[in-house]
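The values are calculated or read from the model by the stated rules, or taken from the named source; none is laboratory data. The model shown is predicted, which means the values in this text are computed figures rather than measured ones. Positions of Cβ are backbone-derived with ideal geometry, glycine not excepted, and every protein chain shown enters the neighbour counts. Note: accessible area is taken over every heavy atom of the protein model, side chains too, but ligands, DNA and RNA are not part of it. Shrake-Rupley method; radii C 1.70, N 1.55, O 1.52, S 1.80 Å.
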Amino acid sequence: MSQAIGIVELSSIAKGMEVCDLMLKSANVELLVCKTLCPGKFLLMVGGDVGAVTQSVQNATQYSGHLLVDSIVLPNIHPSVLPALSGLNSVEQRQAIGVVETWSAVACITAADRAVKAAHITLVRIHMAFGIGGKCYQVMSGDIADVQNALEVANQSAGENGLLIYSTLIPRPHQALWQQLVQGA
């Protein structure tokens, strides 16, 4: 079976904890993320084989009711997505950067996975809704053409449900901006 992650975003912290318990008890999945997001949202992420993750997310979405913000199952997730969520993927040299901003963590993570699979880019980081009003953004780096291609894929993905806020391509970022976005300085 393929490895997958499932993500559920809720508008209630208490309901999020309740749904987390349900997800873990309803299928053989591993808890990857269980935490609050600004402003008062809750994010759950589980991993495992595709069937178990799908069952867990389906149970969560049915049980969440009107408190569900978004959910998805991502089979065969790109190996750079989880490190990007945890902090930074390393980048060797200064190149073009792309930034995609969304209204939902689920939309941003999905767009990042699709973008990195579609183009030869480095997914540098995914910043989820901490101190930014519930929004999420991703930073990618690569040659201008590759970043442009990845941005188009990410924009289409995030725009499917009207969750794209804005995206930009910066072909030659200033050294100070580069250090801030890519090196975490």
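Which whole-number percent is the relative contact order of the chain (Cα, under 8 Å, 6+ apart)?
22
Measuring nothing but alpha carbons in the chain and taking Rh as the Kirkwood radius, the Rg to Rh ratio lands at 0.98. Of all the options GLY142, GLY162, GLY47, the one that moves most in a Gaussian network model of the chain with Cα springs shorter than 10 angstrom is GLY162. Over all distinct Cα-Cα pairs of the range 139-185, the Kirkwood formula returns a hydrodynamic radius of 11.7 Å.
Excluding the sites themselves, what is the longest stretch of the chain that contains no GluC sites (Glu not before Pro) in a DSSP loop with at most 16 other C-beta atoms within 10 Å?
On the way: sites that count: GLU92, GLU160.
For GluC sites (Glu not before Pro) (loop position, at most 16 other Cβ atoms within 10 Å), the longest site-free span of the chain is 1-91.
Among the protein heavy atoms of the range 54-106, carbon and sulfur supply 50% of the accessible surface, probe 1.4 Å, non-protein parts ignored. Add +1 for every Lys or Arg and -1 for every Asp or Glu among the other residues with Cβ under 14 Å from the Cβ of SER11, and state the total. After counting each charged neighbour, the total is -1.
Absence of a disulfide-compatible partner, taken as no other cysteine beta carbon within less than 4.7 angstrom, is noted in the chain for CYS20, CYS34, CYS38.
For the chain, a Gaussian network of Cα nodes joined below 10 Å ranks ALA107, ALA154, ALA27 by mean-square fluctuation, and the top entry is ALA27. Shape annotation for the range 66-176: C-alpha extents along the principal axes are 45, 30, 24 Å, from largest to smallest.
Computed from the C-beta positions of GLN93 and GLU152 and an R0 of 30 Å, the FRET efficiency is 0.80 to the nearest 0.05. Among the chymotrypsin sites (Phe, Trp or Tyr not before Pro) within the range 124-183, those in coil by DSSP and having at most 13 neighbouring Cβ atoms inside 10 Å are PHE130.
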